[in-house]
Each structure stands twice: as C-alpha cells, then as structure tokens.
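Engineer: Have a look at the structure that comes next, please.
The values are calculated or read from the model by the stated rules, or taken from the named source; none is laboratory data. Just so you know, these numbers come straight off a predicted model, no measurement behind them. All Cβ positions, even for glycine, are placed from backbone atoms using ideal geometry, and neighbour counts span all protein chains on display.
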Amino acid sequence: MSGESGAWLQYARENLKVAEMTLQAGLLNPCLQNAQQAVEKALKAIRGRRGLALKRTHSIRDLNRDLVASGVTTGLGEDDCDLFDSIYVRSKYPLDSVLPDSPPDVSTCEHCVKRAAQVLAMAEGLLEG
C-alpha cells in the first residue's frame with residue numbers, strides 16, 4: 001500500500017510496536033500515548049481511503065463517529081472512545097496522570113494495546129484486503 005493512507009497506516013504500526021515495547025518495559029504513560037496514537041492514525045488511514053478529508057483532531061470519538069456515519073464498522077464502543085480520548089493530552093504533560101481518575105496500570109495498558117491492535121488489524125483489512 002502506498003500513498004497517504006499507507007503512510008498513516010505505517011505510522012500506526014510503529015506506534016503500536018512502541019506501545020507493546022513500552023508495556024513490556026513497564027513504561028505505562030508512553031504505552032498509553034502510543035496506543036492512542038496507533039488508533040488515531042489507523043482511523044485517519046481509513047478516512048483517507050474512504051475519500052474523507054483529513055480531520056485535524058486527536059479525538060478518537062470524532063474520528064470514529066465520522067467513519068461509522070460513512071458505513072465503516074470500527075469496533076470501537078463509547079467506552080473505548082472515552083478512554084482513548086482521556087489519554088491524549090494527559091499523556092503529554094506531567095500534570096497529574098494519563099488517566100483522569102487514576103494513574104495508569106498494567107491492566108489498562110494491556111486493554112489499550114489490545115484494542116489498538118484490533119483497530120489496526122481492521123484498518124489493514126480494509127485498506128489492504
């Protein structure tokens with residue numbers, strides 16, 4: 001796959017790999033940040049392939065809503081969107097915690113990496129299949 005969608009997909013793969021590596025190393029904040037970025041970039045790859053304009057947002061909810069409205073089933077539920085959207089800003093700055101209600105833990109990180117892998121696999125299937 002080449003082109004803009006292919007580039008977004010490659011970046012998503014790299015973010016997922018970093019999320020997996022940082023989870024293994026016990027680095028939970030960067031794990032969550034990279035899992036969120038893998039999902040965001042996979043969704044943007046699908047947008048491009050579907051002919052939807054690039055949306056300059058980090059909101060998984062907004063990206064997901066647009067794709068669902070265009071007929072794409074992403075598999076992301078409301079809880080997933082809430083979780084990934086809560087990660088983006090908080091993981092960049094040491095204000096409190098990546099998560100709004102608690103510090104990150106291994107279980108949350110494992111869940112996010114798993115969901116990111118599922119979204120990436122779905123995107124690959126749509127774009128390469």
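Engineer: Please work out which one of (1) in a helix (DSSP H, G or I); (2) at pLDDT below 95 is the condition Ala53 fails and give its number.
Structural biologist: All conditions pass for Ala53, except number (1).
Engineer: List pairs: first residue in the stretch 40-69 and hydrophobic (A, V, I, L, M, F, W, C), second residue crowded, with 20+ Cβ neighbours inside 10 Å and in a loop (DSSP other than H, G, I, E, B) anywhere in the structure, Cβ distance under 8 angstrom, at least six positions apart or on different chains.
Structural biologist: Listed by first residue and then by second, the contacts come to Leu43/Thr74; Ile46/Thr74; Ile60/Leu76; Leu67/Thr74; Val68/Thr74.
Engineer: Do you know which of the residues in the stretch 1-26 that are at pLDDT below 95 and in a loop (DSSP other than H, G, I, E, B) is surrounded by the fewest Cβ atoms within 10 Å (Cβ to Cβ)?
Structural biologist: Of everything passing the filter in the stretch 1-26, Ser2 is surrounded by the fewest Cβ atoms within 10 Å (Cβ to Cβ).
Engineer: Inspect the stretch 30-50 for any residue being out of contact with any Cys (no Cβ under 6 Å at 6 or more places or on another chain), surrounded by fewer than 18 Cβ atoms within 10 Å (Cβ to Cβ), on the phi > 0 side of the Ramachandran plot and not in a helix (DSSP H, G or I) and give the result as yes or no.
Structural biologist: No, the stretch 30-50 contains no residue that is out of contact with any Cys (no Cβ under 6 Å at 6 or more places or on another chain), surrounded by fewer than 18 Cβ atoms within 10 Å (Cβ to Cβ), on the phi > 0 side of the Ramachandran plot and not in a helix (DSSP H, G or I).
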